[in-house]
Structures are given as C-alpha cells and as structure tokens.
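S.K.: Sharing a structure below in structure tokens format, with a few things to ask.
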Amino acid sequence: MAQLYGVWIDSIRALTATPDDAATHLDRRLRLTTAVGRALSHTDPALDRLVYGVWLERHLQPVYIGQTLEGRRRLWDLPIGESHHLANSFPPEIWSRVVVVYWDVLLQQCPHLTERIISMLLSDGISDKSYAAIGLGLEFLLQRQFQPLFNRRKKRRDGSWRVVDWESSESLGALAAQHLGEFFPQVAHVWGTLAALPPGPDGVASLPGGRVVFPGSVLRSSL
C-alpha cells in the first residue's frame, strides 16, 4: 500500500511538474468533473429533494450516502468538490456509479401517506422542518443499512476518527426515521433497482423517481 501511495504522489508531481503542466492538469480535470456534473444535474425544482449514493470501482456498497433539498446545486458540485468534501478524498475518476432517488417525486404520488408522515412529525414537534426531516430520515436509514465508509467515521482534529453509532443517535434524522417505516421501502426499492442497472450509451440510466450515473462511461465519452 505504501508503494502504491508513492506511485500516486509521483504521478501527481509529474502531472504538475511545470506551471504549464499544472494548468493542463487543471483543464483536463475540469472537463472531466463538469461532464459528470452535467450528467448528474437537473433543472427541474421538483427534483430537488433527493438522496444519493456514490460507489467506488469494485466496491459492492456505497462509500458515501447523502441527502439534499437543493439538488440542482448539490449534484452539480458533488464531482467538482468546491463545497462538497467527498471529491477531495475520492475523485470522480474512480467512482463506478452515483445513484440518485428523487424521494419527493415518490412521496407526492401518495398524498395520504404524505399527510400521515407530516402529522407524525408534527406530533414530535417538527413543524417548519418537516421536509428537511424526511430527507434526513431517509439518509439516516440508508446510512444505517449500508454503513458507508465516508459516513461511518468522523474526523477528529488530532488525526483520529470517531465511529458513528446510528443505533444510539438522537439526531433529527434518527427521530424522523421512526415515522418513515411505510415510505422507506419504496425509496429502498428504487435505490436498489437503480444500483443494479447497467449504464446507458451516455453513461446514464433512469427510472421513474431516480437515475444512476456511471462516471467512467461519462468520462470516456468526454475525452
């Protein structure tokens, strides 16, 4: 492993050996990351409430699971990494797939279920944050199920890690998750179906309620 790390460092040094080399490296990375960002992003505000997961190549489980109510911004930035931390550690060049589930689209198809969930959240004192709580609850349930590496440990300032304990969590997501027992299986079904799809010719595959992007295919088509 140490030898491979040395090879990686040497490769980065070679790619940035001169100012011109460094500029070329930045230009190439920008083309690649924006290609993935375009494949992931959307322009429809109705799709903004979502959960997503990132798989690394040869990994059977996602390395990261997140949620957002600002899908147009968040998915665009996910591979570019200007405000999202994942790409700083695991660049999109080594992502095998990104699964996106537009959970609000699924929920709007079940208005009575929506009313029940909102009512239960209100009974727990969650009022103006109901939809934020649903997103956090779905994220919590997916993270607890898959325990992705990038979510199950938190960085300490001394360079060590703090392990996340989902079972004892008292977070808003954990609280909301208690009221999503009827809805979560629908989200999990779309998630699992998307995760098993093969890539389309443009590196994207879609289903009602979600899409999956294959960065490797997208990157090859952008070269």
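The values are calculated or read from the model by the stated rules, or taken from the named source; none is laboratory data. Here the structure is a predicted model, which is why all the values come from computation and not from measurement. All Cβ positions, glycine included, derive from the backbone under ideal geometry; neighbour counts span all protein chains shown.
S.K.: List every residue pair whose Cβ atoms lie under 8 Å apart, where the two residues are 6 or more positions apart in sequence or sit on different chains, the first residue falls within region 97-108 and is at pLDDT 95 or above, and the second residue, located anywhere, is outside any helix (DSSP H, G or I) and of a type in the set (Asp, Glu).
M.R.: ASP104/ASP48
S.K.: In region 20-37, is there at least one residue being loosely packed, with under 11 Cβ neighbours inside 10 Å, out of contact with any strand residue (DSSP E or B) (no Cβ under 7 Å at 6 or more places or on another chain) and β-branched (Val, Ile, Thr)?
M.R.: No, because not a single residue in region 20-37 is loosely packed, with under 11 Cβ neighbours inside 10 Å, out of contact with any strand residue (DSSP E or B) (no Cβ under 7 Å at 6 or more places or on another chain) and β-branched (Val, Ile, Thr).
S.K.: Sticking with this structure for a sec: Hey, could you check region 56-74 for residues that are charged (D, E, K, R) and surrounded by fewer than 17 Cβ atoms within 10 Å (Cβ to Cβ) and say which is farthest from ARG29 (Cα to Cα)?
M.R.: GLU70
S.K.: Go through region 75-85 and count every residue that is surrounded by fewer than 20 Cβ atoms within 10 Å (Cβ to Cβ) and within 9 Å of the chain's Cα centre (by Cα).
M.R.: Qualifying residue count for the region: 0.
S.K.: Considering only residues that are at pLDDT 95 or above and among the aromatic types (Phe, Trp, Tyr), look in region 166-223 and name the one that is surrounded by the most Cβ atoms within 10 Å (Cβ to Cβ).
M.R.: TRP191
S.K.: OK, next. One residue is enough: does region 151-164 have a residue meeting the conditions within 22 Å of LEU50 (Cβ to Cβ), within 18 Å of the chain's Cα centre (by Cα) and assigned to a helix (DSSP H, G or I)?
M.R.: Yes, some residue in region 151-164 is within 22 Å of LEU50 (Cβ to Cβ), within 18 Å of the chain's Cα centre (by Cα) and assigned to a helix (DSSP H, G or I).
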